[in-house]
1. In segment A:427-436, what residues are open to solvent by less than 20 Å² (accessible area, probe 1.4 Å) and under 18 Å from A:Lys485 (Cβ atoms)?
2. May I ask you to list the residues in segment A:546-559 that are of a type outside the set (A, V, I, L, M) and open to solvent by less than 30 Å² (accessible area, probe 1.4 Å)?
3. Somewhere in segment A:343-357, is a residue more than 14 Å from chain B (Cβ to nearest Cβ) and either surrounded by fewer than 24 Cβ atoms within 10 Å (Cβ to Cβ) or touching a strand residue (DSSP E or B) at 6+ places or on another chain (Cβ under 9 Å) (or both)?
4. Limited to segment A:237-272, what total is found for residues that are more than 14 Å from chain B (Cβ to nearest Cβ), of a type outside the set (Ser, Thr, Tyr) and open to solvent by less than 20 Å² (accessible area, probe 1.4 Å)?
5. Going through segment A:326-350 one residue at a time, which ones are touching a helix residue (DSSP H, G or I) at 6+ places or on another chain (Cβ under 8 Å) and at pLDDT 90 or above?
6. In the list A:Val76, A:Val98, A:Val154, which residue meets the criterion of being within 14 Å of another protein chain (Cβ to nearest Cβ), touching a residue at least 12 places away in the same chain (Cβ under 8 Å) and either within 21 Å of A:Gln464 (Cβ to Cβ) or touching a strand residue (DSSP E or B) at 6+ places or on another chain (Cβ under 7 Å) (or both)?
7. Does B:Ser157 satisfy the condition of being under 17 Å from the mean Cα position of the chain (by Cα), buried (at least 17 other Cβ atoms within 10 Å of the Cβ), at pLDDT 95 or above and within 30 Å of A:Pro350 (Cβ to Cβ)?
8. Select the strands (runs of 3 or more DSSP E) contained entirely in segment B:26-99, then report the ones holding at least 3 residues which are modelled with pLDDT under 95, under 14 Å from the mean Cα position of the chain (by Cα) and not aromatic (Phe, Trp, Tyr).
Amino acid sequence: MKRILSGNEAVARGAWEAGCSIASGYPGTPSTEIMETFARYPNVYAEWATNEKVGLDVAIGAAYAGKRAISTMKHVGLNVAADALFYVAMTGVEAGLVIVSADDPSMHSSQNEQDNRQFAKFSRIPCLDPADSQEARDFTIAAFDLSERFDTPVMLRMTTRVCHTSSPVEVTEQQQQIPEKGKYPRNPAKYVMIPVNARRRHPVIEARVSELSRFAENFPYNRIEYRSKNLGIITGGVAYQYAREVFPDASILKLGMVYPLPADMIRKFSESVERVIVLEELDPFIEDQVRLMGIDLYKPANPINSDFSHTKSIFPITGELNPAIVRHAAYQAGLLNVDIKQEPTNLTIPLPARPPTLCPGCPHRSSFYVLSKLKVSVNGDIGCYTLGITPPLSTIDTCGCMGASIGVAHGAAVAGDQERHVAVIGDSTFFHTGIPALINVAYNRSNVITIIMDNRVTGMTGHQDNPGTGFTLQNQATMELEIEKLVLACGIEKVLTVEAYQVDVIEKTLKQWMKEDGPAVLITREECALLPSARKRYLALQVTDQCNGCTVCFRIGCPAILKSEELDPKYHRPLAIIDQELCTGCEICAQVCPRDAILFRDQVSALRKSEEG
Amino acid sequence: MDIKRLKNNYPNGINFLLTGVGGQGTILASNVLADLGMDLGFDVKKAEIHGMSQRGGNVISYIRWGEHVYSPIITKGEADIILAFEKLEALRSIEQINPGGLILINDYSIVPVTVSSGLSTYPEDENIQESLQKFTSNVYWVKGQGIAEQIGYPKASNVVLLGALTALLEIDPKIVLRVIATRIAQKYYAFNEQAFTTGFQSIQK
């Protein structure tokens, strides 16, 4: 039967149908829903790991133990998990192991747009690249079979557009029964990568690539669609859809497996068409390999992409493709006679931007308000709190990858930077890669101040549980990690936990600590304002006639505080009003107001009572 | 009967663009349209970008109905129908409309922080209308938020617009309501049905 599934839901579905019973991963857009969906299937174990490397190790351990296993992550997660990827590429597995890398062309929610097909080639493992949800489901099943047949982990490479597009998928209601494995393998020559064993394994995995490329010649998901012989397009992944959309009459070699490539098939296809091009998103991954085969790809008469001449011959190397980009590049290259429709009209009025901001009631806001007031240098990290960069708070000076804040701040400190550095990191990111960096601060005795913004959930990716929340992915009650004890155990002696909404306490503490030396950790704790338990406490605040439009409350950057049309009679400045739909009653604005013109929660309650009574 | 007419009116299928602000129910509305397309016998693709949208950003989703749909996304000048749940976001997406395409706008504004902090100004209604007219004369303003608030369920402006759309496309409202029922919790169905019907009737009048 057919169901409409997103690419992510289809991967989860395929894994379940393939009899995969173990999943471990770390949340990251655009991959997160794979784990969330898989966790709800019967007869499976699924967990949020503390980071992607741990998640992959867990999946490897399960695959060694004879269970089909999957590990999911966003593209940059595979950087964290790369160490595990490279050893498991060497050892192979007992049961199928699939590694899902969800790439993010155009960086909709990422720090880079690295093309992880390169990781497959780099580590010598096959890579499947689905173009829609049906393929996401089918390729996941195929990946488990390939993994066992060739004794290799398999990369399933998704992209944002495939992850988050829904389309009809033919599914079965049957779960494959995987035979129970016997004893845990005692095979050190294969599974213990000491140099003497590793040296023997390396030729094995090189030979595996050759075998796989021969297999790829007849792999059913590599297929040739002959139409007009005037133009042939070699493509894979979502780019296939743009090829069909823009060149409906062209012949197409659709690669389901983008590494290793079927050389004979590619040669045969290239010889059978008049002109052959490669259409792919991001890196010239297929294009470079096809050129190395000595195949003469079509060259545009006028070189395009001249800014990046070392890269691709026709289509852009940066950003996500779409039909308009493909059409325009093809026109420039002389492959199409008609360019994209140039709109006769364009929008002429300026549109205010609507950037993502810290939500109304966000418990991170108070710390950023204080940091911006103190004008300290702040090394940021990956999570909702990266939004501390947005005006008017504008406090984050650096942000590179998960867990980088503390190490980067320490680097500035040991470099003798004149400013005292503050690292800002969330609870889940601290568990992910913050802990070793904090131990490093303590061990190497720098004066970094770390603020751990503990909002009791993994927020940015949409409220996943983590070791601090007391629940697992499959909603089992578990321990709640105590951050204070952990920080103390890391060797930090100065640790303070405060309620995140308490502006004055945060300000007083930081001011005092800036005068002192040595490392310190401030934990600001308050649950994310979007959690159901927090929503129950929403109470919209009010501005009184004491407001004279001084603008201090606007500086906290809360979307619930608006400028009214009414002006202060003396200074002619717009007065503040509070949006009653958006305000949660966090009281940060009420605390910073110098004229006590914003009522606190108890004042609002009292006022309402008296109005009613 | 009405399916045939729909296919005649849109021989190449229908490209929808839905736009709104995080929390307005853009995703729910696009799920309904995707399911509805399947029910009506089309191939369907629905693409959306989430991630940071919960933080007050813009949410866009594309739904394509057709004989066979390839690209999940559409670009400039390719949207047959735009459903905009917020006025500013209607403008932001208007360049994607097909000349003469249909646009339904929720008569409602959500002021972005860039405006409330004084960095920029929200366009005036007459400027919005004038700008939209340049792209298509087929503009329908729907009091989606007003109707939803009257009903006592302010979140249902998305369903009000779906009702209006159903009337404009002359699709049997029963089919659409059946799809809506599968996508929402039963306890909210009565509100949604009322929102849908009021939106439907607002066009029929």
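The values are calculated or read from the model by the stated rules, or taken from the named source; none is laboratory data. Everything quoted here is computed from the prediction, not taken from an experiment. For neighbour counting, all protein chains shown are included, and Cβ atoms are generated from backbone atoms with ideal geometry for every residue, glycine included. SASA here: full protein model, heavy atoms, side chains in, ligands and nucleic acids out. Shrake-Rupley method; radii C 1.70, N 1.55, O 1.52, S 1.80 Å.
1. Passing the criteria: A:Asp427, A:Ser428, A:Phe430, A:Phe431, A:Gly434.
2. Residues of segment A:546-559 of a type outside the set (A, V, I, L, M): A:546-551, A:553-555, A:557-559.
Within segment A:546-559, A:Cys547, A:Asn548, A:Gly549, A:Cys553, A:Phe554, A:Gly557, A:Cys558, A:Pro559 meet the criteria.
3. Within segment A:343-357 (the criterion being more than 14 Å from chain B (Cβ to nearest Cβ) and either surrounded by fewer than 24 Cβ atoms within 10 Å (Cβ to Cβ) or touching a strand residue (DSSP E or B) at 6+ places or on another chain (Cβ under 9 Å) (or both)), the answer is no, since none of the residues qualifies.
4. Residues meeting the conditions: 10.
5. If we filter segment A:326-350 for residues that are touching a helix residue (DSSP H, G or I) at 6+ places or on another chain (Cβ under 8 Å), which is where we start, we get A:326-327, A:330, A:336-340, A:343, A:345-349.
Result: A:Val326, A:Arg327, A:Ala330, A:Leu336, A:Asn337.
6. Answer to the selection: A:Val76.
7. yes
8. B:58-66
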